[in-house]
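The values are calculated or read from the model by the stated rules, or taken from the named source; none is laboratory data. Just so we're clear, the structure is a prediction, and the values are computed from it rather than from any experiment. Cβ placement follows ideal geometry from the backbone for every residue including glycine, while neighbour counts extend to all protein chains displayed. We work out accessible area using only protein heavy atoms, side chains counted, and drop any ligands, DNA or RNA first. Shrake-Rupley method; radii C 1.70, N 1.55, O 1.52, S 1.80 Å.
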Amino acid sequence: MESTSIMFLSFLVFAAITTSVHCTTGSSSPAKQVRDVDGDLVRANTSYYIIPMSVEDGGGFSLRSTKTDESCPLGIFQEDEDDENFGIPVTFSLVNPKKSVIRVSTDLNIEFSETPVECDISNVWKVDNYKRHPKRFYISPDGVKGNPGSDTISSWFRIEEFERGYKLIHCPSVMENDDYEDGDEDEIEVLCKDVGLLKYSGQQRLALTDTPLRVVFRKA
């Protein structure tokens, strides 16, 4: 009877150790790879269209002026619902330039392949007016590519899995690796919100929202 009890206790100890190792291994495994609509890996510095998963949710994304009678400044707006209206393609650049495969929950820059000539700005997406705390945080061009840190915090996004597709979020972790002077970290409020759509002059404009937009990626 005693030997049976010892064997049973030994089994419990072994099972507990095995479970612990399994959990630890799972938490340290690489994040899942992002795939496009064809099932291929999404890669850095390759052009893709970001489009809603459902055609009923509208088209892709393009640049338009936020002023009625002026060419600039520009905002990122959704195209009308159309099977072929994919907008302007983008490329993704990872926070670690040595990596080439895009994974979920990884900081990255998003960059349009083109911008209107009359606007002398960069093609990189950013959260506009980041440090001014506006009522609405719109997504606009003229961000900064690379150089992760407090000065570029508004230009970092992530891709996350969402309802059999993906969503974009702004919740940068680049601040964790930044070198601060004393007290600098307290002056910057890091936003963590989904990227979705808000009404703007009768159009749908990309912004930080509480309602994420389900998207997929189509190779251009």
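Centroid-to-centroid, using Cα positions, segment 56-112 and segment 153-174 are 13 Å apart. Phi-derived couplings, Karplus 6.51 cos²θ - 1.76 cosθ + 1.60 at θ = phi - 60°, listed residue by residue for segment 208-213: 7, 9, 8, 10, x, 9 Hz, with x used for Gly and Pro.
How much of the accessible area of segment 112-180, probe 1.4 Å, is carbon plus sulfur, in whole percent? Roughly 40 percent, rounded to a whole number.
Binning the C-alpha pair distances of segment 74-220 at 5 Å intervals from 0 yields a P(r) profile of 2, 9, 17, 23, 22, 15, 7, 3, 1, 0, 0 %, listed from the shortest bin outward. Pairs spanning more than 23 Å between alpha-carbon atoms, out of Lys145/Lys219; Lys32/Lys131; Lys99/Lys193; Lys32/Lys99; Lys98/Lys193; Lys131/Lys219: Lys32/Lys131; Lys99/Lys193; Lys98/Lys193; Lys131/Lys219. The slack in the chain from Asp69 to Arg136, taken as 0.36 nm per residue of separation less the alpha-carbon distance, amounts to 21.9 nm. Cross-link partners for Lys199 among the lysines, with Cα-Cα distance under 21 Å and sequence neighbours closer than 8 places in the same chain left out: Lys67, Lys126, Lys135, Lys167. If a/c stays under 1.5 just call it rounded; otherwise compare a/b with b/c (prolate if a/b is bigger, oblate if not). Do that for segment 62-108, with a ≥ b ≥ c from the square roots of the Cα gyration tensor eigenvalues. Oblate, because a/c is 1.5 or more while a/b does not exceed b/c.
Put simply, when 61-73, 84-96 are sorted by average Cβ atoms within 10 angstrom per residue, most first, you get 84-96, 61-73. Amide H to amide H distances under 5 Å link Arg103 with Val34, where only residues 5 or more positions off or on other chains count and H is placed in the peptide plane.
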